[in-house]
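Worksheet: one structure, shown below.
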Amino acid sequence: MPIHEKSLIRPEDLTEHEKLEIDGVDVSGHWSTFIETRVVSDYNERMEEEIAALPGGEYIHRCFQCSSCTNVCTVNSLNPDFNPRYWIYLARMGFEKELLRDKELLWQCVSCHKCTHACPRDVVPEGVMKAMATWAELKGHTGVSPSAAFDAEFTEQIVATGKIEEGRIIRGFFKRTGQPLRQPWLLEMSLRLARHLPILMGLKMMLATLFRPRTRDWGKSEAAITEYLAERETANRRALNLDETAGR
Amino acid sequence: MSDKYKTVAYYPGCALEGTGHGYNRSTKAVARKLGLNLVEVPNWNCCGAMEVKNIDPEIQNYLSARNLSIVAEKMSIDTVMAPCNGCYHNLKKVEHDIAEKPKTQEVVDRLSQKAGHASYQAGEVETIHALDWLKEAIGEDGIRERVKNSLKGLKIANYYGCMYTRPRNIFPEKDQGGDSESTYQPHYMDDLLRAAGAEIVDYPLKTACCGGAHTLADSDTSTKLVLNLLQTAEACGADVIATECPTCHSGLEMHQVRAETEFGIKTSPKMLYFTQLLGLALGLSRRKLGIHENVSDAKELLKQKGLA
């Protein structure tokens with residue numbers, strides 16, 4: 001019998017013999033399609049706890065698999081492999097290896113909050129996606145994703161000055177991710193802006209890149225945030241059974 | 001028209017001092033024209049945008065709580081208005097979390113104490129968006145009475161983005177029936193711009209995502225999402241996409257250019273902040289409204305429609 005739902009099964013889990021005869025019956029081609037026997041013995045039984053311990057993941061246990069999240073997901077509409085409902089299932093079952101097949105997709109959530117809006121169980125799937133991406137990175141399964149690099153650049157600037165300056169964010173991000181700043185489209189955009197921007201405004205924007213905007217008397221807030229973040233990082237690493245002192 | 005929101009604390013946020021400067025200028029110009037007082041929150045800090053929560057959500061809450069505590073302690077005003085969706089969202093978020101999650105109050109208290117300022121308590125300040133502000137303080141009738149230069153003939157698609165309506169739990173005042181704002185079909189911008197004479201096109205992607213959070217981290221995804229917004233607006237017959245968020249606005253502008261330079265796909269809609277459009281209707285000049293500070297060059301279109 002041909003398997004009608006073949007598209008739902010990964011190709012590596014299917015076998016098919018081009019030429020096969022069993023008891024005199026020709027079962028060549030799709031007549032001999034078999035789904036490989038699947039035995040799972042390497043669960044990560046702590047996986048749900050690990051993800052729940054990371055920022056954003058705390059409500060993963062509430063999920064009852066209705067798939068409202070995947071149904072409304074912005075990224076899923078561009079790439080069907082981006083499937084929050086499925087990943088939450090895998091994490092809760094402890095199917096670590098299965099989740100890791102999609103490890104390079106986890107960070108691609110654009111935080112549109114459609115899932116959190118639609119979720120009838122208040123799982124906050126958007127937060128869970130971020131927690132999963134952090135989990136994969138902390139465990140060394142992925143490098144630092146472009147999204148995580150952007151978050152880090154952004155947060156560091158706020159912690160240091162209380163504010164951000166967009167030009168500095170762009171430069172910092174491209175430097176961090178080893179990309180050239182001279183992206184043709186950014187140049188084209190600057191050119192178009194320059195064409196109708198008065199000189200004074202242009203000067204003001206250039207000055208902002210030299211003199212960083214800052215919140216006055218920010219030092220104590222900076223110290224309080226830095227201390228809290230260090231505490232959290234230790235806690236996050238402890239939750240994943242990682243060396244607490246190593247740091248990122 | 002009511003006295004409510006006649007004077008509000010103004011939290012512009014970082015983007016309005018940078019790429020969203022035209023939004024800042026036009027918001028202030030419109031307020032002046034309408035006799036509304038904006039008092040800027042003194043010595044504010046960044047709200048953490050969409051990034052800090054991924055490092056730690058409670059730090060993002062602390063950042064917004066600090067701003068709210070300044071409004072509560074240092075200004076005798078009970079309402080703060082944020083024109084940026086990100087700022088608005090984060091202020092609403094901490095308001096919700098502080099009321100609902102003991103951990104948030106605990107962290108905010110601890111960090112505020114260490115930083116040497118008052119801690120924020122739930123309910124001290126009401127956070128509103130620039131749309132709530134104009135809708136309540138002036139309203140459609142108020143706009144209609146004051147229109148000098150009707151937007152008649154200008155076809156507008158209103159784009160509200162993500163953070164203005166989602167997730168529902170941080171916006172308890174929305175979806176309350178009657179004229180309240182809807183999270184699925186928001187209409188405040190439609191109401192105000194229609195009152196200014198514009199023709200509002202039926203735009204199905206009002207609250208679709210522009211990929212703003214990954215505008216640089218995953219540019220191809222953002223370009224696809226923005227192209228979808230632009231091409232749909234075009235298909236709906238819109239000349240202009242009206243925006244109410246600096247991240248959405250610059251995202252649409254950036255990726256319109258990127259789609260052109262990287263993929264050769266041209267799209268026609270011009271992006272204008274809704275405050276710029278209202279300002280034009282109220283008779284303010286393009287320059288006063290910072291329209292020349294937008295990347296998207298709407299000058300010819302506005303001239304053609306007799307608006308500049």
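The values are calculated or read from the model by the stated rules, or taken from the named source; none is laboratory data. The model shown is predicted, which means the values in this text are computed figures rather than measured ones. All Cβ positions, glycine included, derive from the backbone under ideal geometry; neighbour counts span all protein chains shown. For the accessible areas, the whole protein counts, side chains as well, though only heavy atoms, and no ligand, DNA or RNA atoms are used. Shrake-Rupley method; radii C 1.70, N 1.55, O 1.52, S 1.80 Å.
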Hand me the list of helices (runs of 4 or more DSSP H) wholly inside segment B:1-87 holding 3 or more residues that are β-branched (Val, Ile, Thr) and either within 14 Å of another protein chain (Cβ to nearest Cβ) or in contact with a strand residue (DSSP E or B) (Cβ under 6 Å, 6 or more places away or on another chain) (or both). B:57-74
Of all residues being surrounded by fewer than 22 Cβ atoms within 10 Å (Cβ to Cβ) and of a type in the set (A, V, I, L, M, F, W, C) in segment B:108-124, which is nearest to the other protein chains (Cβ to nearest Cβ)? Just the residue, please. B:115
Please determine, by comparing only the residues of segment B:1-42 that are of a type in the set (A, V, I, L, M) and closer than 27 Å to residue A:170 by Cα, which one is modelled with the highest pLDDT. B:41
Flag if residue A:220 is under 26 Å from residue B:110 (Cα atoms) and at pLDDT 85 or above: yes
Residues of segment B:72-125 being out of contact with any Asp or Glu (no Cβ under 8 Å at 6 or more places or on another chain) and hydrophobic (A, V, I, L, M, F, W, C), in sequence order, are B:75, B:77, B:82, B:84, B:87, B:91, B:94, B:98, B:99, B:111, B:115
How many residues are within 34 Å of the chain's Cα centre (by Cα) and not in a strand (DSSP E or B) when one looks only at segment A:1-47? 23
Number of the condition not met by residue A:111 [criteria: (1) within 21 Å of residue B:90 (Cα to Cα); (2) assigned to a helix (DSSP H, G or I); (3) out of contact with any His (no Cβ under 6 Å at 6 or more places or on another chain)]: (2)
Here are the criteria: (1) under 30 Å from residue A:175 (Cβ atoms); (2) in a loop (DSSP other than H, G, I, E, B). Tell me which single one residue B:220 does not satisfy. (2)
Here is a check on your reading of the model: is residue B:31 more than 14 Å from residue B:130 (Cβ to Cβ) and open to solvent by less than 10 Å² (accessible area, probe 1.4 Å)? no
Checking the structure you have, find out if any residue of segment B:209-225 is in contact with a Leu (Cβ under 7 Å, 6 or more places away or on another chain), within 11 Å of chain A (Cβ to nearest Cβ) and without any contact (Cβ under 8 Å) to a residue 40 or more places away in the chain. yes
The lone exception for residue A:108 - which of (1) more than 14 Å from chain B (Cβ to nearest Cβ); (2) more than 21 Å from residue A:8 (Cα to Cα); (3) under 16 Å from the mean Cα position of the chain (by Cα); (4) open to solvent by 20 Å² or more (accessible area, probe 1.4 Å) it fails: (1)
Of everything in segment B:166-196, what is open to solvent by 50 Å² or more (accessible area, probe 1.4 Å), under 15 Å from residue B:207 (Cα atoms) and away from chain A (no Cβ under 13 Å)? Give them in sequence order. B:185
